[in-house]
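Reading through the structure tokens given below for one structure.
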Amino acid sequence: MAESEKRLSSLDVCAGAGGLALGLEQAGFDPVLLLENREVVCRTLRANRPRWDVLQTDLLEFDPAEHRQVYDVDLLSAGLPRVKATAAINRPRGSDLEFELLKATIMLLYGVQPRALLVENVADLVTKNAYEPMRKYVCKELDHLGYRYEWFVVNAADHRVPQNREQGILVAFKGDYLDVFEQPSPVMEPPMTVGDALEESMKARGWAQAAEWAAQADKLAPTLVGGSWERGGPDLGPTGSKKAWARMGVDGATIADEVPDADFEWNPELGRQGMVKLTVGQAARLQGFPPDWRFEGGKTVRYRQVGHASPPPVAEALGQAIRAALTYGRA
């Protein structure tokens, strides 16, 4: 088998609904273990990939010495909960869970010793001064371990995801692999719009106005937001996002059980009752998941999983770039 055709290994932490792992799988990485702390999300992972080894556990409690298959994997990947600029480096454990999970991911490098690291988070982690203490902490640990690294931002819309979704990315390598690493280039095609992505599904129950609606939904979706696991129902994001959806004739304040039927009259001038509502499956399509990817649980829980996920097409592009560096670079 040619070197470029070999499958590589990965450890995926804070796996969520599998968006990062799915994209990396498509890029040639097979996970030896996936960590996720929510039972229903673990069921989603197992339902879609029964062969994946999914461990329900808290990353803060994970000991790689008890799971030696993770030693020396090619890639440690982490789609972490969104860190906040208010997190402080020296606060006691648990006061800023998101930052604690970022630190725990970096600490895993000591035991796992992967050839490469991929962390996905908010774009602000890369670009904003308020996050500088976090970046300094991470860089200090990477320097100590002998990893070379690069911070950058990607927009999912540049990779055929019909959504304006900026992601902050950290990539790190042992050895000299960084010398040949190239950030994934935007796909040289027109961006996919909401109408492009959802027209066919809108026709599924015979809705006659589906093509009319899709023609005017000729924009990118605003960033999908999963919201809190502890409170609230499903919606498509904060006030600004809901206004953007309303301009496309979509009620962003709720999620539907089904797409419109043949009798639905789309007339946004009537307010919310005249607007179309998206389903969880349609939200997943806007996040870049394939149509056959299943999400377990009730509607709100399924939407939470979609909103918190990493878009698989972006993960695939990043995985291809990392794979190319590991294949053709020098240790």
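Taking every C-alpha pair closer than 8 Å and separated by at least 6 residues, the mean separation divided by the residue count of the chain gives a relative contact order of 21 percent. In terms of other Cβ atoms within 10 Å, ARG231, ARG205 run from fewest to most in the order ARG231, ARG205. Evaluated with a Cβ-only charge set (Lys, Arg +1; Asp, Glu -1), the stretch 199-321 carries a dipole of roughly 420 debye about its Cα centre, given to the nearest 20.
Can you give the FRET efficiency for ALA256 and GLU166, using 1/(1 + (r/R0)^6), R0 = 25 Å, r = Cβ-Cβ distance, to the nearest 0.05? Intermediate values should be presented prior to the final figure.
Values: r = 27 Å, r/R0 = 1.09.
Rounded to the nearest 0.05, the efficiency is 0.35.
Beta bridges per DSSP, both residues in the chain: antiparallel share near 45 percent.
Short-range pairs are left out: with C-alpha atoms under 8 Å and at least six residues apart, the relative contact order of the stretch 194-306 is 27 percent.
Quick one: net charge of THR44's neighbours, Cβ under 12 Å, K/R +1, D/E -1? Display every interim value, and only then the final one.
Values: positive: ARG38, ARG43, ARG46, ARG49, ARG294, ARG302, ARG304; negative: GLU36, GLU39, GLU296.
Local net charge: +4.
So what is Rg over Rh here for the chain, counting just Cα atoms and using Kirkwood for Rh? List each step's numbers first, then the result.
On the way: Rg = 20.3 Å, Rh = 20.7 Å.
Rounded to two decimals, Rg/Rh equals 0.98.
Peptides 57-68, 208-219 ranked from most to least packed give 208-219, 57-68, packing being the mean of other C-beta atoms within 10 angstrom over each peptide's residues.
Would you calculate the convex hull of the Cα atoms in the stretch 155-260 and tell me its volume per residue in Å³? Provide the component values of the computation, followed by the final result.
On the way: hull volume 14.7 nm³, N = 106.
Roughly 138 Å³ of hull volume per residue.
Charged neighbours of ALA317, selected by a Cβ distance under 14 Å, balance to -3 (K, R count +1; D, E count -1). Taking every DSSP beta bridge that has both residues in the stretch 32-171, what percent is antiparallel when rounded to the nearest 5? If I count the DSSP bridges inside the stretch 32-171, around 60 percent turn out antiparallel.
Counting only other residues whose beta carbon sits under 11 Å from that of PRO291, what net charge do I get with K and R as +1, D and E as -1? Could you put the intermediate results ahead of the total?
On the way: positive: ARG285, ARG294; negative: GLU200, ASP292.
Spelling it out: positives minus negatives among the neighbours equals 0.
Dividing the helix sum by the residues of the chain, where each DSSP H run of 4 or more adds -39500 (n - 2.57), gives a mean residue ellipticity at 222 nm of -10000 deg cm²/dmol. Here the spin labels are modelled as points 7 Å beyond Cα on the Cα-Cβ line, and at VAL40 and SER228 they lie 1.6 nm apart.
Just how large is the dipole of the chain about the Cα centre, in debye to the nearest 20, putting +1 at every Lys and Arg Cβ and -1 at every Asp and Glu Cβ? Walk me through the intermediate numbers first.
On the way: 38 positive and 46 negative charges, 116 e Å.
Around 560 debye, computed over the chain.
Note on the stretch 194-306: the alpha carbon radius of gyration divided by the globular reference 2.2 N^0.38 Å gives 1.00. Note on the stretch 194-306: lysine pairs with Cα distance below 18 Å, sequence gap of 8 or more or different chains, count 7.
No lab work stands behind these numbers, since they all come straight from the coordinates. Remember, it's a predicted structure, so these values are computed and weren't measured experimentally. Glycine gets a Cβ as well: all are built from the backbone with ideal geometry, and neighbour counts include every protein chain shown.
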